[in-house]
Amino acid sequence: MAITYDVLKSVTSQMYARSLRAVPADAKKALAGARTRETNPVARNTLDLMVANATAAEERGHFLCSDSGVPTYQIRVGTQARFDGDVKRAIRDGFAELVAASDPPLLKHVTNPLTNERGHAGKDMPIVTFDLVDGADDVEIICSPKALGSGRWAALEIFTFPSIAEIEEYIMKVVLTAGSQACPPVVVGVGIGGTFDYATKLAKESVVRPIGQSHPEPLIADMEKRLLEAVNKTGFGPMGTGGATTAIAVHIDYASGHGFTPVAVCFNCWIDRRTRVRISNDGTVTETE
């Protein structure tokens with residue numbers, strides 16, 4: 001048996017549609033938890049509105065935000081997985097079917113970077129990245145639409161033999177530059193080391209890590225905790241209303257590299273849009289987030 005074109009087309013299309021209408025359960029829990037700790041009355045009210053909107057959108061099937069973003073997928077392919085049909089074509093065709101059938105309609109956010117022409121299709125769209133998982137006989141797919149608010153403020157800088165303090169200072173610089181424009185409370189994803197492209201991959205993977213799941217290495221876990229506290233002392237608060245809830249998580253990962261050390265930082269807005277499924281060789285689809 002194998003994972004078919006039809007299954008991939010249907011699953012990836014549904015993942016995108018679902019991500020626009022529901023806040024992940026761990027993110028809703030984090031928002032509610034932040035509400036209990038928040039002391040700023042305007043920020044508390046904003047968090048209440050966010051949780052209420054998330055619940056209403058899910059119950060009524062409405063979009064949480066008019067900016068549906070552009071489709072991005074991270075696919076982790078088990079080396080024992082088998083395919084029957086074209087994988088990237090299935091994802092592209094699934095998105096095209098969603099565009100044709102969506103109610104409310106998806107706005108034209110796919111943009112040619114050279115002409116600024118906008119539509120629903122374009123070169124290398126949807127954006128799909130792949131990784132291999134040794135020994136696994138299934139495929140894990142993460143859909144995380146990227147909108148303007150969170151996507152605009154991602155950044156990268158390359159250092160030479162930086163200290164942890166210098167790395168953390170840069171992360172805070174990026175957070176301060178973004179301010180409330182990334183639609184907080186945000187999830188901050190950070191990738192350190194490797195090469196230019198690999199650091200951004202690590203940041204992108206980190207930002208969709210389940211909330212509450214710390215890095216397994218104590219050094220990195222301590223950085224995550226320390227930076228979350230620092231970000232929440234900036235005072236931006238939910239949607240810039242002030243208070244102590246600018247972020248609900250800081251997730252960091254790293255890779256060994258050379259003496260030059262890239263540090264990449266990216267964001268997910270308060271909706272924390274992401275869906276995650278596993279597809280086995282027999283076609284069984286399991287929602288894991």
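The values are calculated or read from the model by the stated rules, or taken from the named source; none is laboratory data. As the structure is a prediction and not an experimental result, all values here were calculated from the model. Quick reminder, even Gly has a Cβ in these numbers, built from the backbone with ideal geometry, and neighbours come from all protein chains shown. Surface areas here come from the heavy atoms of the whole protein model, side chains and all, with no ligands, DNA or RNA. Shrake-Rupley method; radii C 1.70, N 1.55, O 1.52, S 1.80 Å.
Using a probe of 1.4 angstrom, how much of the accessible area of the chain is carbon and sulfur, in percent?
Carbon and sulfur atoms account for 55 percent of the accessible area of the chain.
For K225, go through the aspartates and glutamates and keep the ones whose alpha-carbon is under 17 Å away, minus same-chain ones fewer than eight residues off.
Within reach: E166, E168, E169, E217, D253.
Whole-Hz ³J(HN,Hα) for each residue in the stretch 54-59, computed from phi via Karplus 6.51 cos²θ - 1.76 cosθ + 1.60 with θ = phi - 60°, x for glycine and proline: what do you get?
4, 5, 5, 4, 5, 5
Spin-label point model (7 Å from Cα, Cβ direction): what's the R37 to D6 distance in nm?
Label at R37, label at D6, 4.8 nm between them.
Sorted by average packing, counted as other Cβ atoms within 10 angstrom per residue and highest first, what order do 1-8, 241-248, 213-220 take?
Descending mean neighbour count gives 241-248, 1-8, 213-220.
Just checking the chain: which Cys have no other cysteine's beta-carbon under 4.7 Å?
C65, C143, C266
Between V133 and residues 5 or more places away or on another chain, which pairs have amide H atoms under 5 Å apart, with H built 1.01 Å from N, and which residues are they?
The list, which skips near neighbours in sequence, is V77, G78, T79.
Between A101 and V133, how high is the FRET efficiency from 1/(1 + (r/R0)^6) when r is the Cβ-Cβ distance and R₀ = 41 Å? Nearest 0.05.
Efficiency at R0 = 41 Å is approximately 0.80.
Would you please give the residues with an amide H less than 5 Å from that of V128, counting only those at least 5 places away or on a separate chain, with H modeled from the backbone geometry?
Sorted by chain and number, the residues that satisfy this are Y73.
Rounded, prolate or oblate, given the Cα gyration tensor of the chain, with a/c below 1.5 counting as rounded?
Oblate, since a/c reaches 1.5 and b/c is not below a/b.
Check K146: other-chain or 5+ apart residues with amide H under 5 Å from its amide H, H built from backbone geometry?
V70, T72
What's the magnitude of the charge dipole for the chain around its Cα centre, counting Lys and Arg as +1 and Asp and Glu as -1 at the beta-carbon? Answer in Debye, nearest 20.
Using Cβ point charges on Lys, Arg, Asp and Glu, the chain gives about 740 debye.
Could you work out the relative contact order of the chain? I mean the mean sequence separation of Cα pairs under 8 Å and 6+ apart, divided by the number of residues, in percent.
Normalised by residue count, the contact order of the chain is 27 percent.
Roll a 1.4 Å probe over the protein chains and send me the accessible area per residue for the stretch 120-266 in Å².
Result: 46 Å² per residue.
Going toward the positive end of the dipole of the chain, with +1 on Lys and Arg Cβ and -1 on Asp and Glu Cβ, which of A43, L228, A54 do you reach last?
Positive-end residue among those listed: A43.
Rounded to the nearest 0.05, what FRET efficiency do H62 and K29 have when you use their Cβ-Cβ distance and R0 = 30 Å?
0.90
Can you list the lysines whose alpha carbon sits under 24 Å from that of K88, skipping same-chain ones fewer than 8 residues off?
Filter leaves K9, K108, K123, K146, K201, K204.
Return the sequence-ordered ³J(HN,Hα) values of the stretch 158-168 in whole Hz as given by the Karplus equation 6.51 cos²θ - 1.76 cosθ + 1.60 applied to θ = phi - 60°, using x for Gly and Pro.
Residue by residue, the stretch 158-168 yields 10, 10, 10, 6, x, 7, 4, 4, 5, 5, 5 Hz.
Fully extended, how many nm does the chain gain between A221 and K233 (0.36 nm per residue separation, minus their Cα-Cα distance)?
Difference between extended and current length: 2.4 nm.
Roughly speaking, what is the stretch gain from S163 to D84, that is 0.36 nm per residue apart minus the C-alpha to C-alpha distance, in nm to one decimal?
The span from S163 to D84 would gain 23.6 nm if fully extended.
On full extension of the chain, what length is gained from E287 through H258, given 0.36 nm per residue of separation minus the C-alpha to C-alpha distance?
6.6 nm
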